[in-house]
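Reviewing the structure listed below.
The values are calculated or read from the model by the stated rules, or taken from the named source; none is laboratory data. Just so it is clear, the model here is predicted, and its values are computed rather than measured. Neighbour counts run over all protein chains shown; Cβ positions are idealised from the backbone, glycine included. Side chains are part of the model used for accessible areas, which takes the heavy atoms of the whole protein and leaves out ligands, DNA and RNA. Shrake-Rupley method; radii C 1.70, N 1.55, O 1.52, S 1.80 Å.
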Amino acid sequence: MTQSMHQIVSTRADHLLHQFHTAANPPAVNLPWDLLQVNARVWGGSLVTDVEGSSAFFIHPTNPTLSSVWAVPSYGSYRDAYLRFIKQAYGLANPSIPGGLDVDHLRAKSTAAAGQFIRLEVVDKSANRSGGGIEKRQTKSPVTKGRIARGHTPGSMSFLVVLKLAGVLSPTVRSSATWQARRDAALTYLTSRGWNRDTVAEALDTLEEMADAR
């Protein structure tokens, strides 16, 4: 039976969250082309060019949930790339993004080196566009700028990506009136998924410190 887009989005998010929780190595979300090629072989599928030099699909031969779509930060038509990916991986003739959802990069494109490919997924629109969270603040961090200058940006999924997939707002700057509420909500969600509270709190502290370094 053909899956609906809502089912596809939910299944893909749940799979990534499960992988992050249980796998020895966190799922990759940001890779240079040569490593994306290497990973495609390790993942057991094929890498298909979508738009030359700008977007590509990893296609798993038997399980579309394991397939993925990637684009460089400068590629502006990533929503269209995602829909082309759904057509190819899932066989849907005319897919569309359900209301209230966005196609977005799992890592902020402004924090990735120009030639690297970032994984795209569907996320909650209101949370994605809320502003003020860690992802937005990372773009102004000297740590991020230093990594980009060296051509090195982290390639693995983090708790920040978990929150993005779950539609949970990441904490604002600590001086903000909303910081405590958003941090508590993030901690509550992450611990409800089975992560240790102290581990999560430490990880969020590290992400916040990096984002707010000046």
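Overview of results
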quantity: From the options GLY132, GLY115, GLY91, residue that is on the phi > 0 side of the Ramachandran plot and either surrounded by fewer than 16 Cβ atoms within 10 Å (Cβ to Cβ) or free of Cβ contacts under 8 Å to residues at least 24 places away in the same chain (or both); calculated: GLY91
quantity: The range 61-77 residues that are within 10 Å of GLY45 (Cα to Cα), paired with ones that are in a helix (DSSP H, G or I) and modelled with pLDDT of 95 or more (beta carbon under 8 Å, 6 or more apart); calculated: LEU66/HIS15; LEU66/TRP43; SER67/PHE85; SER67/ALA89
quantity: Selection from the range 34-44 of residues that are of a type in the set (Gly, Ala, Ser) and crowded, with 19+ Cβ neighbours inside 10 Å; calculated: ALA40
quantity: Single residue of ALA211, ALA177, ALA149 found to be modelled with pLDDT under 90 and crowded, with 19+ Cβ neighbours inside 10 Å; calculated: ALA211
quantity: Residue list for the range 59-72, restricted to those being open to solvent by less than 20 Å² (accessible area, probe 1.4 Å) and assigned to a loop (DSSP other than H, G, I, E, B); calculated: SER67, VAL72
quantity: Hits in the range 185-214 - residues which are closer than 17 Å to VAL173 by Cβ and among the charged types (D, E, K, R); calculated: ASP205, GLU208, GLU209, ASP212, ARG214
quantity: Hits in the range 1-27 - residues which are charged (D, E, K, R) and open to solvent by 50 Å² or more (accessible area, probe 1.4 Å); calculated: ASP14
quantity: Condition check for LEU31: open to solvent by less than 30 Å² (accessible area, probe 1.4 Å) and either over 20 Å from SER158 (Cβ atoms) or in a helix (DSSP H, G or I) (or both); calculated: no
quantity: Within the range 94-112, considering residues that are buried (at least 16 other Cβ atoms within 10 Å of the Cβ) and in a loop (DSSP other than H, G, I, E, B), the one nearest to the chain's Cα centre (by Cα); calculated: LEU106
quantity: Residue in the range 167-179 that is touching a Pro at 6+ places or on another chain (Cβ under 6 Å) and farther than 21 Å from ALA13 by Cα present; calculated: yes
